[in-house]
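S.K.: Take this structure first; my questions come after.
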Amino acid sequence: MSATPQTILVVEDEAAIAETIVYALQTEGFSAVWKTTGRDALAALRAQAVALVVLDVGLPDMSGFDVCREIQRLGPTPVIFLTARSAEVDRIVGLELGADDYLAKPFSPRELTARVRAVLRRSNGAGSGGAPSAAGWQHDKARCRISYHGQALDLTRNEYRLLGALLAAPGRVFSRDQLMSAAWDDPGAALDRTVDAHIKTLRAKLRVVAPDDDPIVTHRGLGYSLREA
C-alpha cells in the first residue's frame, strides 16, 4: 500500500503560475491545494495538515510576509516564498520571518519541486517537523540583537545581518552572493572577500564567548552555513 502523499499548500493569485506549480507538484507525487488569498490560505491551514507552504509575497488581500507571521503562530510549517521582486530586502525579511527558502519569478517548476523536497528533508530531519535548531543562540529581532550562550554580541550592521541570515536557516549552505544580498544594502559593491572578512571577525567574536565552539561552517567553493544542533 502506497504512502499518503504530502500536501503542499500553494498560495498564489496568478492562475497560470499556480496551475503550473500544482501540476509540477502533482507530477512529483505531492498533493497540492491552491488558494488565491492569504485569508483562504490560513483557513486551509487551520482545517487540514499541510507539509509545506509555497507562498507568494504579493497577494490581493494581505502581504505574504503577514501570512508567514500567522503561519508561524499556527505551528512549525515550512514556507518557501515566491517573489516577483528581486529586492534584497524581500529576501532578508522573508528569512528573518522564518521562511525556509525563497524563489524569484520567473522560475523553473523543476527547481521549485527540488527546493520543496530539500526543505522537507531538512524539516523531517529536525525531528519535530520544524526547521532545524541552532543550540545556544537567541535572536531578538525587535531589538536587532543576537546573543550566543547568553551573552549579547557586539555586532556591526553588516555582521548582524549576515549572522541573522545564517541563523534563519541552520544547516543551509548560503553562497557568498546570497550572504552579500542579505547583509549589504548594495551587494554589487561588495566583494567575495568582504564576506570572508566579516565571517572571520564574527568567528573571533564568537570565540571570545565560547573558545571551544566553531558554529560557522565553511563549505569550500560553496559558501557558509550555521552548524545545526
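S.K.: Would a scan of the stretch 37-59 turn up a residue that is surrounded by fewer than 19 Cβ atoms within 10 Å (Cβ to Cβ), of a type in the set (Ser, Thr, Tyr) and either touching a helix residue (DSSP H, G or I) at 6+ places or on another chain (Cβ under 8 Å) or under 20 Å from residue 118 (Cβ atoms) (or both)?
M.R.: Checked against the condition, which is being surrounded by fewer than 19 Cβ atoms within 10 Å (Cβ to Cβ), of a type in the set (Ser, Thr, Tyr) and either touching a helix residue (DSSP H, G or I) at 6+ places or on another chain (Cβ under 8 Å) or under 20 Å from residue 118 (Cβ atoms) (or both), the stretch 37-59 yields no hits at all.
Condition check ((1) touching a residue at least 12 places away in the same chain (Cβ under 8 Å); (2) more than 15 Å from residue 13 (Cβ to Cβ); (3) not charged (D, E, K, R)) across all residues:
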site: 38; (1), (2), (3): yes, no, yes
site: 47; (1), (2), (3): no, yes, yes
site: 51; (1), (2), (3): yes, yes, yes
site: 54; (1), (2), (3): yes, no, yes
site: 57; (1), (2), (3): yes, no, yes
site: 63; (1), (2), (3): yes, no, yes
site: 67; (1), (2), (3): yes, no, yes
site: 80; (1), (2), (3): yes, yes, yes
site: 83; (1), (2), (3): yes, no, yes
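S.K.: Only residues in the stretch 136-149 that are of a type outside the set (A, V, I, L, M) count as the first member; pair them with residues that are at pLDDT below 80 and not in a loop (DSSP other than H, G, I, E, B), Cβ under 7 angstrom, at least 6 apart or cross-chain, and list the lot.
M.R.: Listed by first residue and then by second, the contacts come to 141/96.
S.K.: For the stretch 128-145, give me the residue count where each residue is touching a helix residue (DSSP H, G or I) at 6+ places or on another chain (Cβ under 8 Å) and either farther than 14 Å from residue 161 by Cβ or at pLDDT below 75 (or both).
M.R.: So the count comes out to 7.
S.K.: Residues of the stretch 111-124 being at pLDDT below 85 and either open to solvent by 70 Å² or more (accessible area, probe 1.4 Å) or polar (S, T, N, Q) (or both), which ones?
M.R.: Hits for the stretch 111-124 are 121, 123, 124.
S.K.: Next up: From the residues in the stretch 192-229 that are part of a helix (DSSP H, G or I) and modelled with pLDDT under 90, which one is surrounded by the most Cβ atoms within 10 Å (Cβ to Cβ)?
M.R.: 195
The values are calculated or read from the model by the stated rules, or taken from the named source; none is laboratory data. Keep in mind that what you see is a predicted model, and the values were worked out from it rather than measured. Cβ: placed from backbone, ideal geometry, glycine included. Neighbour counts: every protein chain shown. To get the accessible areas, we keep the full protein, side chains included, count just its heavy atoms, and leave off ligands, DNA and RNA. Shrake-Rupley method; radii C 1.70, N 1.55, O 1.52, S 1.80 Å.
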